[in-house]
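The values are calculated or read from the model by the stated rules, or taken from the named source; none is laboratory data. All figures in this text were calculated on a predicted structure; none of them were measured in a lab. All Cβ positions, glycine included, derive from the backbone under ideal geometry; neighbour counts span all protein chains shown. Just the protein is used for accessible areas: all its heavy atoms, side chains included, with ligands, DNA and RNA removed. Shrake-Rupley method; radii C 1.70, N 1.55, O 1.52, S 1.80 Å.
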Amino acid sequence: MSAPHGPRRQLQWGVSASNHLGMKFLLSVILLSTLALGQASVSAPANSAQSIPVDQENVRKAKTLLDQMVQALGGNDYLNVEDVSQEGRSYGFHLGESDGVGVVFWRYYRFPDRERVEFTKKRDIVYVYRGDKGFEITFKGTRYDEPKAVSDYLRRRQYSLDWVIRKWLSQPGIALFYEGHTVAAQKDAEQVTIMDANNQSVTLFIDSSTHLPVKKSYSWRDPTDKQRNTEDEVYDNYRPVQGVMTAFGTTRFYNGDMSNQRFLNSVTYNKGLSDSLFSAEISASKK
């Protein structure tokens, strides 16, 4: 099954922010406080010892916004989510044009690296991801997923909101930058960029009123053509589910063109998804 058509394009959301998984809130606060202190490298002038250095104030503002965002998403309810089950409809786009009428899906995800997505009403096209491996399951049997599809999936997972909060912020050398007011997804927003020690960065746009994330943006360089690409994700139609503010609508953009839309009909958290749900056995002849 080849891209760009069919369920393959419908799968392109990767691991979205609506999953709402995170680390313990206390750890988040302590970690971000440590980051703020670690980044304040400019000393105050001798004649104003009580003033706060500009870079430290910038980090403090970024930390405050991130803390507010986590609280808006549900605080401990958000951070204690371990798995998510979703049902909805996904629509693929190519160069901003719709690929068709969309496809129903069932999605199961367990942090940090287990995912299963079932497509069509018969649920007979399935993709399973475990660690850095991907599998496609159809009536023909189980096979390894296409290398490019797996690479694309792993990149989206790496830049997902969940991984940024739970993995990026725990890494040494992380940097926070508050970049001011802006407009994102037609909402007044505050812009915060998080950068790791490898100069990989992701920018979050946080609603100034609700403190919920409305947009995420990051860029990466294609190893084949060396061109830089930008991927954006816009979140809307938030609803409370088990104490977690959940985006029931997610729109993805690739270099400015809409690439996928996903609309949820139902979401359940912490069902205790078993390992067997993410199993995929390949016969020797198909390896």
Arg252 in contact with a Ser or Thr (Cβ under 8 Å, 6 or more places away or on another chain), buried (at least 21 other Cβ atoms within 10 Å of the Cβ) and not acidic (Asp, Glu): yes
On the basis of being basic (Lys, Arg), without any contact (Cβ under 8 Å) to a residue 60 or more places away in the chain and crowded, with 16+ Cβ neighbours inside 10 Å, does Arg107 make the cut? yes
Selection status of Arg116, touching a residue at least 24 places away in the same chain (Cβ under 8 Å), surrounded by fewer than 20 Cβ atoms within 10 Å (Cβ to Cβ) and out of contact with any His (no Cβ under 7 Å at 6 or more places or on another chain): no
Note: among Tyr178, Tyr218, just one is touching a strand residue (DSSP E or B) at 6+ places or on another chain (Cβ under 9 Å), among the hydroxyl-bearing types (Ser, Thr, Tyr) and open to solvent by 40 Å² or more (accessible area, probe 1.4 Å), namely Tyr178
Neighbours by Cβ (under 8 Å, 6+ apart or cross-chain): first from the stretch 75-87, under 16 Å from Glu118 (Cβ atoms) and open to solvent by less than 70 Å² (accessible area, probe 1.4 Å); second modelled with pLDDT under 90 and assigned to a loop (DSSP other than H, G, I, E, B): Val84/His20; Val84/Leu21
Residues located in the stretch 126-162, provided they are open to solvent by 30 Å² or more (accessible area, probe 1.4 Å) and aliphatic (A, V, I, L, M): Ile137, Leu154
Regarding Gly243, is this residue surrounded by 15 or more Cβ atoms within 10 Å (Cβ to Cβ), without any contact (Cβ under 8 Å) to a residue 24 or more places away in the chain and touching an Asp or Glu at 6+ places or on another chain (Cβ under 6 Å)? no
Working only within the stretch 84-130, note down all residues that are among the β-branched types (Val, Ile, Thr) and either over 24 Å from Arg143 (Cβ atoms) or not in a loop (DSSP other than H, G, I, E, B) (or both). Val84, Val101, Val103, Val104, Val117, Ile125, Val126, Val128
Any hit, the stretch 163-173, residues being open to solvent by 10 Å² or more (accessible area, probe 1.4 Å) and closer than 26 Å to Glu281 by Cβ: no
How many residues are touching a strand residue (DSSP E or B) at 6+ places or on another chain (Cβ under 6 Å) and either part of a loop (DSSP other than H, G, I, E, B) or closer than 13 Å to Ser208 by Cα (or both) if we restrict to the stretch 63-80? 4
Assess whether Gln171 counts as being free of Cβ contacts under 8 Å to residues at least 40 places away in the same chain and more than 28 Å from Asp113 (Cβ to Cβ). no
Going through the stretch 181-215 in order, the residues found to be touching a helix residue (DSSP H, G or I) at 6+ places or on another chain (Cβ under 6 Å), surrounded by fewer than 21 Cβ atoms within 10 Å (Cβ to Cβ) and either of a type in the set (Asp, Glu) or without any contact (Cβ under 8 Å) to a residue 24 or more places away in the chain (or both) are Asp196
The residue from Arg110, Arg116, Arg60 that alone is closer than 20 Å to Glu146 by Cα and basic (Lys, Arg) is Arg116
